[in-house]
Amino acid sequence: MALKITVIGTGYLGATHAAAMAELGFEVLALDVAKEKIDALRAGRAPMYEPGLEELLRRHVSGIEGSSGRLRVTMDWAEIADFGDVHFVCVNTPQKQGEYACDMSYVESAMDSLAKHLGKAALVVGKSTVPVGSADRLAARLAELAPAGGEVELAWNPEFLREGFAVEDTLHPDRIVVGVRSERAERLLREVYASPIAEGTPFVVADFATAELVKTSANSFLATKISFINAMAEVCEAAGGDVATLAEALGHDERIGRKFLRAGIGFGGGCLPKDIRAFMARAGELGADQALTFLREVDSVNMRRRGHMVDMAREAVGGESFLGKRVAVLGATFKPDSDDVRDSPALNVAGQIHLQGGQVTVYDPKGMDNARLVFPTLGYATSALEAVRGADVVLHLTEWREFRDLDPAELGAVASVRTVLDGRNVLDPARWRDAGWTYRAMGRPNA
Ligand SMILES: NC(=O)c1ccc[n+]([C@@H]2O[C@H](COP(=O)([O-])OP(=O)(O)OC[C@H]3O[C@@H](n4cnc5c(N)ncnc54)[C@H](O)[C@@H]3O)[C@@H](O)[C@H]2O)c1
Ligand SMILES: O=c1ccn([C@@H]2O[C@H](COP(=O)(O)OP(=O)(O)O[C@H]3O[C@H](CO)[C@@H](O)[C@H](O)[C@H]3O)[C@@H](O)[C@H]2O)c(=O)[nH]1
């Protein structure tokens, strides 16, 4: 009989995972403690903006006309425990307030709620990003709490999807990594992922600690690559070099590769920043803090980029202060094709300028509602053109396609001063200059 799957936590990771499991042909039951997310899913709506997710949901959510009916939702733990053979735990693991460490309380609470109801054999699979050592501890807790005791087992299966590509990455991942303690757990996970495995996706079997570490070290490597190129951007600015040309030339070396070498205002989001900090905190607990001191530098190079953009903007409006100056901010999300503003560099820069007295107007194609919740005191416009109207400087801070396609002449007609600062190094300088704009980019003093 086909496996039945549950997904616990239906945020960016869980909603996508649930829809993808239904797409792969499984019967899926998803649970969240947030009623609004469950209500949205039940109506076939994605609880967040993620390209392709809503289409997938409408194809599978039970009760939607023409759907496969394979995906259902609930808020009832007993129903979840009774339904599933394999339970994926996808809840959030944010940074603890005022600390670097990871807040494990959501994972612990979800695991406990599930465990207490598990009266039959089941494989519980952690997908959340957790500090190394967590799975070991959680396995003991699960065995203790679950009425079905030894028939309930834990595995860890970290997720590597990127927001904006979540559906594609889930259905066709680069690799699948599983931390398991038994052949049974491995067999069940091979069954779940039979389709991507058949497509040739590497399936890496590891112990708990290694599986957890693959995730945090992958994000640390990506963060390091971005901060490396941003450090080079600082040197380019001092020496008169061009970081975009430098990155291109570096990237032609296949050992280095071209990806993740785009200099700008740096990385943000609900993953990279908090994951490198949690990794440092955990290494400290393990007495291995020296191994990761470089991540402190990665973090500080990254945070400096935000301050540097604020300085560039202040200089552009006269150098003294932002008082009485209008600043247009294009972009609020931490990356394009997402509505996610968690630790967004764009919103952080907008917020800093606002706090320094600037009159900031933000526009983002998908992130406006979330941005308003985080920063209600900023000004918000309904289009890029509206944001730019009367502006003394325009900051391009999230590289949405829509912004690359803007007509600089049209914007120039409504701006007060034609100065654009490209915080993502993707606008075409010639197009803007031809329309009378002063164009400046990060790490490209002569661009
Ligand atoms: N967002 C990504 O791109 C991504 C990619 C890979 C891994 N991850 C990791 O996946 C995890 C989830 O991230 P996310 O971005 O989806 O977070 P999120 O905040 O979007 O979603 C988490 C969901 O879990 C729910 N939840 C919290 N406590 C719960 C509980 N006790 N029981 C049931 N549901 C509960 C929340 O209501 C929320 O809907 C994190 O560990 C993150 O680091 C995220
Ligand atoms: O050359 C680059 C590439 C990215 N970024 C920025 O880096 C951040 C993160 O980008 P990305 O990694 O694409 O976004 P996420 O969706 O957060 O994905 C990361 O975090 C997820 C959660 O752990 C992992 O699953 C993914 O593999 C990992 O890429 C964004 O602010 C980007 O603007 C740059 O500044 N320069």
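The values are calculated or read from the model by the stated rules, or taken from the named source; none is laboratory data. None of these values were measured; they are calculated from a predicted model. All Cβ positions, glycine included, derive from the backbone under ideal geometry; neighbour counts span all protein chains shown. Quick note on the areas: whole protein, heavy atoms, side chains included, nothing else; ligands and nucleic acids left out. Shrake-Rupley method; radii C 1.70, N 1.55, O 1.52, S 1.80 Å.
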Two-decimal ratio, segment 207-447, of alpha-carbon radius of gyration to 2.2 N^0.38 Å = 1.04
query = For segment 289-350, what's the relative contact order in percent, using C-alpha pairs closer than 8 Å and at least 6 residues apart?
reply = 25 percent
request  = Give me the number: length gained by fully extending VAL33 to ALA239, i.e. 0.36 nm times residue separation minus the C-alpha to C-alpha distance, one decimal in nm.
outcome  = 68.9 nm
ask   = Is it possible to state the helix-based mean residue ellipticity at 222 nm for the chain, with each DSSP H run of 4+ residues giving -39500 (n - 2.57), the sum divided by total residues, to the nearest 500 deg cm²/dmol? What is it?
value = -13500 deg cm²/dmol
key: Span per principal axis, largest first, for the Cα atoms of segment 4-206 (Å)   = 43, 39, 38
Loop-located GluC sites (Glu not before Pro) in segment 270-376 whose Cβ has at most 10 other Cβ within 10 Å (DSSP) = GLU320
request  = For the chain, restrict the atom set to alpha-carbon positions and state the Rg and Dmax in Å.
outcome  = 23.5, 72
ask   = For segment 399-419 and segment 284-336, what is the separation of their C-alpha centers, rounded to whole Å?
value = 24 Å
query = At a 1.4 Å probe, what is the % contribution of carbon and sulfur to the accessible area of the chain?
reply = 51 percent
ask   = What does the charge dipole of the chain about its Cα centre add up to, to the nearest 20 debye, if the Cβ of each Lys and Arg holds +1 and the Cβ of each Asp and Glu holds -1?
value = 500 debye
query = Relative contact order (percent) for the chain, with alpha-carbon contacts under 8 angstrom and 6 or more residues of separation?
reply = 12 percent
Surface accessible to a 1.4 Å probe, per residue, for the residues of the chain, Å² = 42 Å²
note = Amide H neighbours of VAL152 at under 5 Å, excluding residues fewer than 5 places away on the same chain, with H built from the backbone geometry, are ALA122
message = Once you keep just the Cα pairs under 8 angstrom separated by 6 or more residues, what percentage relative contact order results for segment 27-186?
response = 18 percent
remark   = Amide H contacts under 5 Å for ALA30, restricted to residues at least 5 apart in sequence or on another chain and with H modeled in the peptide plane, are VAL7, ARG72, VAL73, THR74
ask   = Of LYS37/LYS116; LYS4/LYS225; LYS4/LYS274; LYS37/LYS96, which sit over 28 Å apart, Cα to Cα?
value = LYS4/LYS225; LYS4/LYS274
note = Long-range amide H partners of THR419, meaning residues 5 or more apart or on another chain whose placed amide H is closer than 5 Å, are VAL394, THR438
query = For segment 23-54 and segment 126-201, what is the separation of their C-alpha centers, rounded to whole Å?
reply = 20 Å
Cα-based equivalent ellipsoid, segment 381-447: semi-axes from gyration tensor eigenvalues, Å = 17, 13, 11
ask   = Using the reciprocal of the averaged 1/r over all distinct C-alpha pairs, how large is the Kirkwood radius of segment 318-383 in Å?
value = 11.7 Å
message = I'd like the antiparallel share, as a percent to the nearest 5, of DSSP beta bridges with both residues in the chain.
response = 5 percent
